[in-house]
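Below: one structure, written as structure tokens.
The values are calculated or read from the model by the stated rules, or taken from the named source; none is laboratory data. Since we're looking at a predicted model, the values are computed, not measured. Neighbour counts run over all protein chains shown; Cβ positions are idealised from the backbone, glycine included.
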Amino acid sequence: MSNNPEVTMSPLCQEIESNGHTVSVNIYSDGKGQWILDVVDTDNNSTVWEDPFKTDQQALDEVLDTIKQEGIECLIGQVYTLDE
């Protein structure tokens, strides 16, 4: 028997393309009723928001807002941990 909890992925997970760059948006349950936002670029660099979100839709809205305000480039090529 494994001690690793099963990861529940949100149906809102998707790839987003902007300005010639693509990122994978991964939203998954933290096992405590909240959602983790993890964005991975094509070089497998990961940006994870430090604070969980109450809903998977809030997590998706956050990454879409980040891309709109700062550009997708802020999620490319570097490893970051972002606060909500």
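For region 2-52, the set of residues classified as charged (D, E, K, R) and more than 11 Å from Leu75 (Cβ to Cβ) consists of Glu6, Glu15, Glu17, Asp30, Lys32, Asp43, Glu50, Asp51, listed by residue number. At least 3 residues being in contact with an Asp or Glu (Cβ under 9 Å, 6 or more places away or on another chain), of a type outside the set (Val, Ile, Thr) and surrounded by 13 or more Cβ atoms within 10 Å (Cβ to Cβ) is the threshold, and among the strands (runs of 3 or more DSSP E) wholly inside region 1-79 those reaching it are 21-29.
Only residues that are among the small types (Gly, Ala, Ser), farther than 23 Å from Gln69 by Cβ and more than 14 Å from the chain's Cα centre (by Cα): list them for region 1-57, please. Can you show your working first?
Let us first name the residues in region 1-57 that are among the small types (Gly, Ala, Ser), namely 2, 10, 18, 20, 24, 29, 31, 33, 46.
From the residues that got through so far, the ones that are farther than 23 Å from Gln69 by Cβ too are 2, 29, 31, 33.
Of everything in region 1-57, those that are among the small types (Gly, Ala, Ser), farther than 23 Å from Gln69 by Cβ and more than 14 Å from the chain's Cα centre (by Cα) turn out to be Ser2, Gly31, Gly33.
Identify the single condition in (1) at pLDDT 95 or above; (2) among the hydrophobic types (A, V, I, L, M, F, W, C); (3) out of contact with any helix residue (DSSP H, G or I) (no Cβ under 9 Å at 6 or more places or on another chain) that Ile36 does not satisfy, given that it satisfies every other one. Single failed check for Ile36: (3).
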